[in-house]
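K.L.:
Once you've had a glance at the structure underneath, I'll fire off some questions.
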Amino acid sequence: MRITVIGGGVGCARFVLGLREHVRRSGSGDEISVVVNTADDWWVSGLRIAPDHDSLLYALAGVNDTERGWGRAGESERVSAELAAWGTAPDWFTLGDLDLGTHIARTAWLRGGATVSEVFRRLGARWDLGATLVPATDQEIDTHVQTDGGEIHFQEWWVRHRSQIPARGFAQRDVSSAEPSPGARAALEGADVILLAPSNPIVSIGPVLAVPGMRDLVREAAAPVVGVSGIIDGAVVRGMADACLAAVGVETSARAVAEHYGARSRGGVIDGWLVDETDAPAAAPLEAAGIATRAVPLWMRDPDTSARLAADALALARELV
Ligand code: GDP
Ligand code: CA
């Protein structure tokens with residue numbers, strides 16, 4: 001079976017780790033592909049940074065810093081201090097030395113003419129990831145945030161201002177001329193199951209779906225599409241995704257996010273939706289809106305709970321075939 005996940009970042013990484021664990025335990029040999037958000041990417045000190053991809057890469061490779069929750073384990077910051085001294089990198093965006101190695105390799109390949117897809121392939125080939133990472137698109141579609149003081153890059157809003165400046169909206173630059181990468185297209189067309197990770201719906205999954213043609217690939221896919229809520233009991237559980245939801249007028253609730261995605265039978269992108277047990281009352285109204293909803297434990301605390309969640313998502317998908 002081919003399982004295709006859409007997402008990007010730390011929430012997606014936890015989910016895919018659980019999915020990989022489940023597949024390994026079941027011995028099914030199922031193949032996992034992840035269509036990764038690239039709209040978090042940006043240029044710093046002449047280097048292309050890809051935070052969502054790298055979170056997935058490091059987590060699946062087992063070289064991530066599990067205490068900090070991002071970046072490489074055993075990291076140092078000597079180069080970053082030099083860049084700050086030269087004034088070529090903002091002092092609010094720290095780049096570890098090992099992490100910089102990835103960014104230098106990526107940038108060198110891009111400068112040499114490689115596509116983003118090819119860069120993903122080369123970076124992923126270093127470790128046995130147990131999943132294939134493909135970019136949503138090969139074009140640059142960096143997310144920008146509209147604020148009262150003008151438009152700023154998503155990373156400046158998210159990291160420098162910790163999402164504390166009111167956001168009026170989000171837009172991906174040059175997205176109208178982007179198209180799904182060949183790998184993303186193949187992963188969606190060939191999927192037996194499509195899963196929406198519990199990633200940030202506005203700035204991680206939203207930009208993937210904003211690539212012209214991507215929504216149609218999801219909508220027209222033969223596979224059932226099941227999403228997992230990143231919201232539990234009205235809170236985002238980790239991070240600041242509620243600031244993004246508020247900016248676009250979506251309530252921070254499992255129900256509102258499902259309605260934001262919408263039922264595939266009614267013009268949206270999901271057939272099924274997993275909410276936490278504490279959000280079980282959302283099931284009836286969502287079922288009425290055409291979304292098959294199940295309440296299961298959604299906290300991913302360790303390999304067991306994450307694998308269990310992945311199994312629940314696949315079980316719902318099986319019901320919908
Ligand atoms: P980012 O790009 O690094 O912010 O990561 P993502 O967009 O992939 O995911 C961030 C989201 O993951 C958070 O806003 C949470 O809503 C969600 N998340 C994190 N941990 C958990 C968890 O244990 N369970 C669930 N259901 N969602 C989680
Ligand atoms: Ca992200």
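The values are calculated or read from the model by the stated rules, or taken from the named source; none is laboratory data. These figures come from a predicted structure and were not determined experimentally. Every residue, glycine among them, receives a Cβ derived from its backbone with ideal geometry; neighbour counts consider all protein chains shown. Surface accessibility is based on the protein's heavy atoms, side chains included, excluding ligands, DNA and RNA. Shrake-Rupley method; radii C 1.70, N 1.55, O 1.52, S 1.80 Å.
K.L.:
Got a number for carbon plus sulfur as a percent of region 79-230's accessible area, 1.4 Å probe?
P.N.:
The C+S portion of the solvent-accessible surface of region 79-230 is 49 percent.
K.L.:
What is the extension gain from Ser176 to Val237, computed as 0.36 nm multiplied by their sequence separation minus the C-alpha to C-alpha distance, in nm to one decimal?
P.N.:
18.7 nm
K.L.:
May I ask you to list the residues of region 93-122 whose amide nitrogen lies under 11 Å from a point 7 Å from Cα along the Cα→beta-carbon direction of Ser76?
P.N.:
97-98
K.L.:
How about region 15-111: which GluC sites (Glu not before Pro) there are in a DSSP loop, with at most 10 other Cβ atoms within 10 Å of their Cβ?
P.N.:
Those that pass, being in a loop and sparsely packed, are Glu67.
K.L.:
While we're looking at this one, here's another question. How much mean residue ellipticity at 222 nm does the chain get from its helices, if each DSSP H run of length 4 or more adds -39500 (n - 2.57) and you divide by all residues, to the nearest 500 deg cm²/dmol?
P.N.:
Only helices count here, giving -11000 deg cm²/dmol.
K.L.:
So for each of 99-109, 49-59 I average, over its residues, the number of other beta carbons within 10 Å; can you give me the resulting order with the highest mean first?
P.N.:
Sorting 99-109, 49-59 by mean packing, highest first, produces 49-59, 99-109.
K.L.:
Give the shape of region 177-321 as rounded, prolate or oblate, defined through the alpha-carbon gyration tensor: a ≥ b ≥ c are the square roots of its eigenvalues, a/c under 1.5 means rounded, and otherwise the shape is prolate if a/b is larger than b/c and oblate if not.
P.N.:
rounded
K.L.:
Can you give me the long-range amide H partners of Gly71? Hydrogens built in the peptide plane at 1.01 Å from N, cutoff under 5 Å, separation of 5 or more residues or another chain.
P.N.:
Amide H neighbours of Gly71: Asp65.
K.L.:
Follow-up. Explain nothing, just compute: Karplus ³J(HN,Hα) = 6.51 cos²θ - 1.76 cosθ + 1.60, θ = phi - 60°, for every residue of region 103-110 in order, whole Hz, x for Gly and Pro.
P.N.:
5, 5, 4, 4, 5, 4, 5, 4
K.L.:
Would you tally the net charge around Glu259, using a Cβ to Cβ cut-off of less than 15 Å, leaving Glu259 out, and scoring K and R as +1, D and E as -1?
P.N.:
So the surrounding residues net to -1.
K.L.:
Let me check the size of the chain from its C-alpha atoms; what are the radius of gyration and Dmax in Å?
P.N.:
18.7, 59
K.L.:
Would region 1-155 count as rounded, prolate or oblate if I go by the C-alpha gyration tensor, calling it rounded below 1.5 in a/c and otherwise prolate when a/b exceeds b/c, oblate otherwise?
P.N.:
Note, shape of region 1-155 comes out prolate.
K.L.:
Another question about this same structure. What number comes out for accessible area per residue over region 89-242 if the probe is 1.4 Å? Units Å², please.
P.N.:
Per-residue value: 42 Å².
K.L.:
Counting Lys and Arg as +1 and Asp and Glu as -1, what is the net charge of the other residues whose Cβ lies under 12 Å from the Cβ of Asp216?
P.N.:
With Lys, Arg at +1 and Asp, Glu at -1, the net is +1.
K.L.:
Starting from the Cα gyration tensor of region 86-194, take the square roots of the eigenvalues, sort them a ≥ b ≥ c, and report rounded, prolate or oblate (rounded when a/c is under 1.5, otherwise prolate if a/b is larger than b/c, else oblate).
P.N.:
Oblate, because a/c is 1.5 or more while a/b does not exceed b/c.
K.L.:
Still on this structure: GNM, the chain, Cα, under 10 Å: largest mean-square fluctuation among Ala125, Ala210, Ala223?
P.N.:
Ala125
K.L.:
When the solvent-accessible surface of protein heavy atoms is calculated with a 1.4 angstrom probe, in what order do Asp91, Asp138, Asp304 fall, highest first?
P.N.:
Output order, biggest surface exposure first: Asp91, Asp304, Asp138.
K.L.:
Follow-up. Just to check I understand the Karplus step: with θ = phi - 60° and J = 6.51 cos²θ - 1.76 cosθ + 1.60, what whole-Hz values come out for region 230-241, glycine and proline as x?
P.N.:
These are the phi-based 3J(HN,Hα) values: x, 9, 10, 6, x, 9, 7, 6, 9, x, 10, 4 Hz.
K.L.:
Hey, can you grab everything whose amide H is under 5 Å from the amide H of Thr137? Only 5+ residues off in sequence or another chain; H modelled, so Pro and N-termini drop out.
P.N.:
The answer is Thr38, Ser181.
K.L.:
Right, here's the next one. Could you calculate the FRET efficiency of Thr115 with Glu277 from 1/(1 + (r/R0)^6), where r is the beta carbon distance between them and R0 is 51 Å, rounded to 0.05?
P.N.:
0.75
K.L.:
Karplus couplings for region 149-158 from phi (6.51 cos²θ - 1.76 cosθ + 1.60, θ = phi - 60°), rounded to Hz, Gly and Pro as x?
P.N.:
x, x, 8, 10, 5, 3, 5, 5, 5, 6
K.L.:
Counting only other residues whose beta carbon sits under 13 Å from that of Thr305, what net charge do I get with K and R as +1, D and E as -1?
P.N.:
Net of charged neighbours comes to -3.
K.L.:
Tell me, in nm to one decimal, what length is gained between Trp299 and Arg25 on full extension, where the rule is 0.36 nm per residue of separation less the Cα-Cα distance?
P.N.:
96.7 nm
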